Amino acid sequence: VINIKHKRSGGIVMNVEEAMKRRRSVRKYTHEQITDTEINKLMHAAMSGPSACNAQPWDFYCVRDKAKIEELQKTTRATDFYSPLIIVVCGDMKRSLDGNIRDFWIQDCSASVENILIEAVELGLGTCWCGLKPKKDCMDRVRAALSLDDSIEPLGLIHVGHPAEEPPARDQYTESFVHII
Ligand SMILES: Cc1cc2nc3c(=O)[nH]c(=O)nc-3n(C[C@H](O)[C@H](O)[C@H](O)COP(=O)(O)O)c2cc1C
């Protein structure tokens with residue numbers, strides 16, 4: 001059992017199972033900034049995830065610049081809420097696998113997103129994962145906002161900030177989705 005200290009719950013020690021239940025999409029943040037140390041911890045978590053053949057075909061754009069954040073917020077349409085940090089998770093096709101296993105990059109990057117979300121729980125930060133791929137227009141607008149070349153595929157963006165709302169922890173277990181053979 002890994003003990004995780006949780007600032008929001010006043011320093012109560014919890015384990016990974018509890019962290020997974022506590023991870024909820026937060027859509028309201030304070031204006032408190034995210035520090036370099038916090039970004040560094042989120043990035044370590046991101047790159048601790050598994051990747052097919054350990055290709056690690058990911059890039060993480062950590063955007064704190066206010067003007068850029070406003071530009072990025074407009075790219076997802078569904079999300080017009082403020083956050084002091086947006087992490088854009090991308091696949092770099094120059095580092096992806098070849099041929100019919102190329103698209104494994106999507107699973108690699110998705111695993112890194114979940115790791116970021118769980119690390120954020122440990123840091124007492126809120127997050128919201130917003131999908132970009134497969135919405136081509138959204139991906140293109142993110143590419144333009146960050147001046148990314150065509151070999152970089154934006155998968156999704158993660159809002160990160162100090163939460164100004166706290167959706168309750170929950171367990172969504174549904175027995176009928178489980179097939180034990
Ligand atoms: C691939 C993906 C795309 C998502 N896109 C958005 C989005 O555009 N806007 C948003 O507010 N939430 C988005 N979400 C968050 C989901 O709405 C959220 O995870 C879901 O409602 C379950 O709630 P929870 O995260 O609090 O458990 C996305 C989640 C995933 C995994």
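The values are calculated or read from the model by the stated rules, or taken from the named source; none is laboratory data. Note that the structure is predicted; figures quoted are calculated from it, not measured. Using ideal geometry, Cβ is built from the backbone for each residue, glycine included, and neighbour counts are taken over all protein chains shown. What goes into the accessible areas is simple: the full protein's heavy atoms, side chains included, and nothing from ligands, DNA or RNA. Shrake-Rupley method; radii C 1.70, N 1.55, O 1.52, S 1.80 Å.
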Everything considered on the Cα gyration tensor (a ≥ b ≥ c; rounded for a/c under 1.5, else prolate if a/b is larger than b/c, else oblate), segment 13-71 must be described as oblate
Using r as the Cβ-Cβ distance of Lys136 and Ser25, and R0 as 30 Å, what FRET efficiency do you calculate, to the nearest 0.05?
-> 0.80
Find the accessible area per residue for the chain; the probe is 1.4 Å, ligands and nucleic acids are left out, and the unit is Å².
-> 55
Gyration tensor on Cα atoms of segment 81-181, a ≥ b ≥ c root eigenvalues, a/c under 1.5 rounded, else prolate if a/b beats b/c, else oblate, says oblate
Out of Asn100, Asn40, Asn15, a Gaussian network model of the chain with alpha-carbon springs under 10 Å gives the largest mean-square fluctuation to Asn100
GNM flexibility winner over the chain from Cys130, Cys62, Cys53 (Cα, springs under 10 Å) | Cys53
Based on the Cβ-Cβ distance from Cys53 to Lys94, what FRET efficiency comes out when R0 is 22 Å, to the nearest 0.05?
-> 0.90
For the chain, the percent of accessible surface on carbon and sulfur atoms (probe 1.4 angstrom, ligands and nucleic acids excluded) is 52
Too long at a 29 Å Cα-Cα cut-off: which of Lys28/Lys94; Lys21/Lys136; Lys21/Lys94; Lys68/Lys136?
-> Lys28/Lys94; Lys21/Lys136; Lys21/Lys94
In this structure, the FRET efficiency calculated for Asn15 and Phe81 from their beta-carbon separation, with R0 = 35 Å, to the nearest 0.05, is 0.70
In sequence order, calculated HN-Hα J values of segment 104-114 (Karplus, 6.51, -1.76, 1.60; Hz; x Gly/Pro) | 4, 4, 5, 5, 4, 5, 5, 5, 5, 4, 4
Based on the Kirkwood radius over alpha-carbon pairs, what value in µm²/s does the Stokes-Einstein equation return for the translational diffusion coefficient of the chain at 37 °C and 0.692 mPa s?
-> 191
Fully extended contour minus Cα-Cα distance, from Lys74 to Tyr173, at 0.36 nm per residue | 32.3 nm
For segment 103-159, would you read off the P(r) tail past 13 Å as a percentage of all alpha carbon pairs?
-> 63
Residue with peak Gaussian network fluctuation, the chain [Cα springs, cutoff 10 Å], from Ile87, Ile101, Ile116 = Ile101
Theoretical ellipticity at 222 nm over the chain - DSSP helices of four or more residues, -39500 (n - 2.57) apiece, nearest 500 | -10000 deg cm²/dmol
Amide H contacts of Leu85 (H built 1.01 Å from N, under 5 Å, at least 5 apart or other chain) | Val160
Cα centroid separation, segment 46-107 to segment 115-181 (Å) = 9
